[in-house]
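Below you'll find the structure, written out as structure tokens, and then a few comments.
The values are calculated or read from the model by the stated rules, or taken from the named source; none is laboratory data. These numbers were taken from a predicted model, which means no experiment stands behind them. Counting neighbours? That spans all protein chains shown, and the Cβs are built from the backbone with ideal geometry, glycine included. Note: accessible area is taken over every heavy atom of the protein model, side chains too, but ligands, DNA and RNA are not part of it. Shrake-Rupley method; radii C 1.70, N 1.55, O 1.52, S 1.80 Å.
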Amino acid sequence: MHKETWHGNDFNNDGYTDFLYVGGMRFNTSPEAKKEFYETGQLCGGKPCPGPKQPPELWLGTETGKLIRSNHLIIDNRENPGLSLGKGTQVADYNNDGVLDFFINDHGTGGDNGWPDSYYLSQPDGTWLESSDTHLSHSNFMGFSHGGANGDIDGDGDMDVVVTFTGPTSYNQPHRLMCWMNDGTGFLNKRKCGGADSFALELADLDGDGDLDVLIGGHEFEYSSNKSAFTGILWNNGKGKFPKHKKTLLPMHKEWGLVPEVSASDLDGDGDLDIVYTRVRKHYHGAAMQIIENLGNKKFKDHGIFVLDENGGYIRSIFFRDVDQDGDNDIYLESHEAHGTVITDGTVLLNNGNFNFDIVKPDEALMLVEDRTDAKITIKYKKRTNEVTDEAQSVEDEIAAFEAELEAELDAMIVK
């Protein structure tokens with residue numbers, strides 16, 4: 001399986017951090033053909049790639065810090081099981097049994113019509129069963145669901161799922177977001193919920209009114225006033241819908257006009273959520289960040305583009321931690337490999353206050369796992385003028401910081 005994203009959590013409630021890896025199928029494409037395409041949809045002649053799909057990979061944590069590969073706990077009885085290209089894992093206890101479940105938005109490999117998403121619910125025997133046939137109102141619904149997020153968007157006390165819905169299939173549709181509404185038992189009903197063309201998606205209460213709004217990132221190269229694609233906020237109408245006329249456009253940067261990921265956190269300690277976008281140039285070249293300050297009352301201030309690398313792999317995951325333990329949230333980034341390198345993977349933006357950040361590149365930061373039994377790590381930042389050594393938090397709190405090392409050492413950690 002080509003690993004696209006990962007999620008760390010205690011999936012089996014034993015007190016140890018587990019890892020769920022999600023990615024895409026392997027397919028046969030010649031080197032010559034690979035040079036001729038720039039988008040996933042152009043693979044396999046512009047049609048869904050044939051061949052076996054791969055399931056998620058589950059690694060269970062143990063008291064010793066070793067990981068046990070436990071794919072036998074993931075059960076998928078569909079006629080065409082597995083993932084074509086899973087882009088995100090939305091983890092929550094959807095069926096309210098006290099165990100985490102996961103919904104995987106899958107935009108497919110080859111073609112732009114997408115692929116059915118996957119929905120794994122926990123079972124009494126400790127397994128997770130793909131439950132689209134029994135617990136999705138439309139089990140074989142095809143959509144190019146590039147982005148996804150979960151949250152209680154209608155305020156009824158259970159977790160719903162929102163996915164972006166783009167590609168040729170959606171261009172004749174009046175909606176651009178698809179919402180899967182939970183009935184409280186884990187059964188998800190598909191519902192149109194408004195929106196606009198978008199790739200990246202996050203849910204956050206950005207106006208402090210108690211409901212979750214939608215942060216989206218559009219395809220800015222093609223933006224015009226008469227098109228629905230944009231980067232900005234769709235405001236919740238209080239009923240779990242996001243009408244396209246209830247929106248706030250945020251500053252766009254067409255040179256870096258693709259937005260792979262978006263997230264939100266209080267970066268200045270004023271009690272509201274600020275916005276962080278990851279950005280790339282055309283054909284996913286380079287890696288940059290955009291940070292936007294929430295001024296309150298639906299007003300925002302753009303602090304511009306932070307260029308991390310002109311050619312390196314794009315940033316696909318954003319994590320917020322107080323890495324240097326100075327009382328504010330710093331930004332840790334995980335990136336996709338590009339041209340055989342992961343130049344930006346593990347980059348940290350150290351928050352100096354007033355939206356001023358030091359960019360600490362991976363080659364300037366040394367991560368040492370000192371004691372896996374006590375789940376302690378030390379992170380040493382080798383900056384231009386001095387070196388700061390920080391006592392680390394637990395692995396659960398700092399899981400993002402050692403993920404790159406975990407990948408490199410994974411084989412040595414496997415329990416046979």
_Need one number: % antiparallel among DSSP beta bridges in segment 63-193, to the nearest 5._
90
*asked:* Probe of 1.4 angstrom, ligands and nucleic acids ignored: what's the accessible area per residue over segment 264-305, in square angstrom?
replied: 40
*Please work out how much accessible surface residue 283 shows to a 1.4 Å probe, ignoring ligands, DNA and RNA, in Å² rounded to 10.*
90
*Sort segment 67-158 into rounded, prolate or oblate with this rule: let a ≥ b ≥ c be the square roots of the eigenvalues of the Cα gyration tensor; rounded if a/c is under 1.5, and if a/c is not under 1.5, prolate when a/b is larger than b/c, oblate otherwise.*
oblate
*Counting only protein heavy atoms and using a 1.4 Å probe, what share of the accessible area of segment 208-321 belongs to carbon plus sulfur, as a whole percent?*
47
_Probe 1.4 Å, all protein chains present, accessible-area order of 130, 310, largest first_ = 310, 130
*Using a 1.4 Å probe and ignoring any ligands, DNA or RNA, find the accessible area of residue 320 and quote it in Å² to the nearest 10.*
30
*Want the number for residue 127 to residue 68: 0.36 nm per residue separation, take away the alpha-carbon distance, what's left?*
19.8 nm
*In nm, give the distance between the simple-model label positions of residue 75 and residue 266, each being 7 Å from the Cα along the Cα-to-Cβ direction.*
4.3
_Once ligands and nucleic acids are excluded and a 1.4 Å probe is used, how much of residue 156 is accessible, expressed in Å² to the nearest 10?_
80
*asked:* Around residue 276, under 10 Å between beta carbons, what's the net of Lys plus Arg minus Asp minus Glu among the other residues?
replied: -3
*According to a simple spin-label model (label point 7 Å from Cα along Cα-to-Cβ), what is the distance in nm between residue 310 and residue 134?*
5.6
*When ligands, DNA and RNA are left out and all protein chains stay put, how many square angstrom of accessible area per residue does segment 66-169 have with a 1.4 Å probe?*
35
*Around residue 184, what is the net charge, scoring Lys/Arg as +1 and Asp/Glu as -1 over all other residues with Cβ under 10 Å from its Cβ?*
-3
